[in-house]
Structure formats: structure tokens, C-alpha cells
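In what follows, a structure is listed as C-alpha cells, so that the remarks can point back to it.
The values are calculated or read from the model by the stated rules, or taken from the named source; none is laboratory data. Since we're looking at a predicted model, the values are computed, not measured. Positions of Cβ are generated from backbone atoms using ideal geometry, with glycine treated the same way; all protein chains shown enter the neighbour counts.
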Ligand code: AMP
Ligand code: GLY
């Protein structure tokens with residue numbers, strides 16, 4: 001199978017790595033890819049959110065599957081354009097992707113499908129905002145209605161901060177605070193049916209102990225030893241399948257990965273958010289554990305005919321990923337600093353480094369080129385071993401000013 005992966009981050013490096021080890025993949029291309037995908041795929045310089053350019057490249061490569069990594073191409077209609085060209089695309093069309101692109105749309109789907117989520121109000125004026133803040137009380141949860149790469153959300157005890165965030169956004173969703181551990185569950189969907197992957201946990205705050213600003217994610221691990229038995233079946237039955245059914249009923253069948261961000265509250269499972277793409281960096285650990293070849297699974301979604309009873313196979317043990325972030329991430333990440341020690345890191349047994357925000361400079365040096373620069377993945381028979389491998393590899397990497405959390409999977413590993 002000839003496969004094209006769109007995107008340039010750690011998630012896309014992980015996707016390319018999983019596709020590379022699938023024997024059915026005969027040609028692997030990335031657009032634009034990154035220095036980490038270069039040894040395993042052919043990289044093509046291209047804006048992945050430009051539908052015309054993507055269709056032209058996919059046609060020229062005679063791609064039998066295009067896998068869309070980030071959300072921006074989805075919202076720009078890349079899947080729609082590939083569909084019109086008859087090229088199988090793993091990723092929802094623009095309307096279905098609105099489940100991520102608009103929090104208000106997601107709430108509407110959840111309401112219609114009876115999916116458990118936080119009570120919420122859509123607010124457009126200051127008066128509506130003040131009323132909603134009164135109604136729900138502290139801690140306040142204020143979300144930009146538009147696409148903000150997971151960064152448009154403020155959760156705060158400080159009412160003035162909540163109101164100020166609302167004022168800076170325009171249309172916002174203000175909602176009930178959900179108390180409890182968070183789980184990311186990815187389901188592969190073909191428009192009708194859905195197949196779950198392994199649940200994972202993400203660490204959204206920048207610093208140890210959950211301190212500091214919200215980020216795209218500073219680390220992740222899977223599986224979740226503490227997850228209640230039956231969690232995946234419950235979420236498939238009460239969240240994923242009802243959402244997929246509702247989208248199909250609205251003539252916007254959902255094809256791709258539906259990412260359910262969940263809170264396990266004392267009152268039961270609640271959806272925090274839906275995303276229309278693989279989570280980053282959770283994908284890095286989930287795909288590390290995947291034993292089933294990935295390409296045919298994604299292609300079955302893209303062309304229809306996914307067997308809803310199919311369950312992927314998983315390697316025993318656990319995986320942990322630690323994000324190495326650039327100086328000043330997330331506010332204003334420093335770019336251009338040289339990264340060293342990757343070879344030594346890749347020599348740590350059970351560990352390897354995925355590129356998330358890197359590039360080669362004019363001299364061929366590997367330099368930081370994004371907020372989240374590297375994802376160091378460690379695996380082992382249990383979370384403690386996976387953590388040890390990941391952090392040993394992290395310790396061998398140098399990047400001026402960089403920072404990472406030291407507590408990824410610490411509690412879950414019994415540490
Ligand atoms: P979102 O972009 O909706 O995932 O929000 C980003 C992060 O904000 C989530 O992962 C949660 O940590 C937090 N968050 C969002 N909504 C809520 C909520 N209703 N209650 C508590 N925390 C929330
Ligand atoms: N890891 C969170 C996200 O991908 O939005």
C-alpha cells in the first residue's frame with residue numbers, strides 16, 4: 001500500500017514509524033514530515049492544509065491512503081478534496097471535523113446523542129458571560145469556541161481571569177467544572193462503526209505537579225493500570241457510538257479517529273472534549289504498544305467496511321513519552337538552538353526519540369523549530385521500567401534552555 005502522512009510533528013513521526021513497520025506498506029511518504037521521518041519515509045515540502053497541493057501530490061504518488069495528522073488540514077477541507085478525487089483519506093471532512101473545530105457544535109452533537117458531558121452555555125456578550133460564571137461557580141471553565149489547538153481553555157478559581165479570557169475570545173463556551181482523572185480514548189471510525197485503541201493519559205500543564213500554563217501536552221503513558229475494568233466498553237457504548245450515529249444521521253459520517261477526552265468524575269464518565277485527530281503526545285505511546293499492522297486498519301476506515309468487533313492487539317507492558325520543550329514554551333518558544341545527544345538517547349534499551357519540532361539548519365545541524373521539540377519514548381514490562389528508559393534517554397539530550405516534566409506517569413507507576 002502506498003501511504004501519505006500529512007503533518008510534521010511527533011504524532012506524525014509516530015504514525016510514520018508504525019506504518020513503516022507494517023509489511024503491507026510498500027511506499028511511505030510524509031508531507032512535510034520532519035528530520036525524524038526522513039530516514040523512514042520520503043518527505044515532501046508542502047503545506048498540508050492546502051487541499052489542491054495535497055490532492056496533486058497524493059495523485060502523483062498514486063497514494064492508496066492519506067493519513068491526516070493535525071486538525072488544520074481537516075478544517076481547510078483536505079479530506080473533502082481527497083474524497084472528490086477518489087483518494088482514500090483517513091480523516092473526517094470539514095463538517096464532521098467541526099466536532100473539534102467548534103465547541104458549541106460538539107455540545108450540540110452530545111446533547112442530541114445523549115452523551116454525558118459538562119453542562120455548558122454558549123456566551124457571546126459580557127452579560128451572558130457574567131450570568132454563566134454565576135450559574136456554574138468556581139472553578140471557572142471558559143473555552144474559546146474556535147479552534148485553538150487545545151490552548152483556548154482557561155480553568156481558574158479567579159473570576160476576573162475567567163471574564164478576561166471570555167472577553168478576549170468573542171464566542172465562548174462556559175461550563176461546569178469536571179473533577180476527576182482524565183483519559184484520552186481514540187476510536188477509529190469508518191462512518192458507521194468504531195474500534196477503540198488503548199486508553200492513555202496526557203499531562204497538559206507545563207510543569208511538574210500540574211503547575212503552570214496549559215500546553216498541547218507534556219507527556220503521556222499507556223496503558224492505564226488504574227482504569228476501571230469495562231471503561232473502554234462503556235465509553236464506546238455511551239460516548240463514541242452515539243456520537244458516530246448522530247453524525248451519520250446528520251449526513252456527515254465521521255471517518256477517521258474520534259478522540260474522546262474524558263473525565264472520570266464521581267458522577268461517572270463525562271466528555272471534556274472531542275478532537276477530530278490523534279492526540280499528541282498520547283498517540284506516541286498508544287502506537288508504541290500497537291501490535292496489529294496499522295495501515296489496513298486505517299484504510300478500512302477510509303474506504304468503509306471496518307469490522308466493529310475487531311479489536312487490535314497490543315504488546316504486553318507499557319510506554320511513557322516525555323516531551324522536551326523549547327525554552328519559553330508555551331508562551332514564546334525559542335527556535336534555532338542546536339539539539340545534541342540523540343544517538344546516545346536512541347541507544348538506551350527500550351527508548352527512542354521522535355521528532356516533534358525540529359529542522360536541519362543550513363549547516364545540517366539539527367535545531368529546535370517548535371514549542372514541543374522532541375518526544376522521548378520509553379517502553380518496558382511496566383510503567384516504572386518504561387519511565388526509567390524514557391528518563392535515561394532524556395538525560396542524554398541537550399538543548400539550551402529546554403524543559404521537561406519529571407513526573408510523567410510517576411503516580412501511576414507507583415512512584
Ligand atoms: P479542552 O481543550 O476542552 O480539552 O480543555 C483543555 C483542558 O482543560 C482539559 O484537558 C482539561 O484539563 C481542562 N478542562 C476542560 N474542560 C474542563 C472542565 N469542564 N472541567 C475541568 N477541566 C476542564
Ligand atoms: N494531547 C492533547 C491534544 O492532542 O489535544
note = Restricted to the range 208-221 and to residues being more than 11 Å from the chain's Cα centre (by Cα) and closer than 16 Å to residue 154 by Cα, the residue farthest from ligand 2 (Cβ to nearest atom) is 211
task = Considering only the range 148-180, state which residues are within 15 Å of ligand 2 (Cβ to nearest atom) and closer than 30 Å to residue 290 by Cα.
result = 148, 149, 150, 151
message = Looking at 258, 290, 224 in this structure, which one is at pLDDT 95 or above, under 26 Å from residue 21 (Cα atoms), within 16 Å of ligand 2 (Cβ to nearest atom) and surrounded by fewer than 24 Cβ atoms within 10 Å (Cβ to Cβ)?
response = 224
key: Listing of helices (runs of 4 or more DSSP H) fully contained in the range 34-97 that carry 3 or more residues being farther than 19 Å from residue 13 by Cα   = 51-60, 78-84
request  = With respect to residue 152, determine if the residue is surrounded by 14 or more Cβ atoms within 10 Å (Cβ to Cβ), out of contact with any strand residue (DSSP E or B) (no Cβ under 6 Å at 6 or more places or on another chain) and at pLDDT below 95.
outcome  = no
query = Given the structure, is residue 46 within 24 Å of residue 306 (Cα to Cα), touching a helix residue (DSSP H, G or I) at 6+ places or on another chain (Cβ under 6 Å) and at pLDDT 95 or above?
reply = no
ask   = Can you spot a residue in the range 275-287 that is within 12 Å of ligand 1 (Cβ to nearest atom), farther than 24 Å from residue 310 by Cβ and within 20 Å of the chain's Cα centre (by Cα)?
value = no
task = Report yes if residue 31 is within 21 Å of the chain's Cα centre (by Cα), assigned to a strand (DSSP E or B) and modelled with pLDDT of 95 or more, otherwise no.
result = yes
Residues satisfying the stated conditions in the range 85-127, i.e. within 23 Å of residue 305 (Cβ to Cβ) and free of Cβ contacts under 8 Å to residues at least 12 places away in the same chain = 86
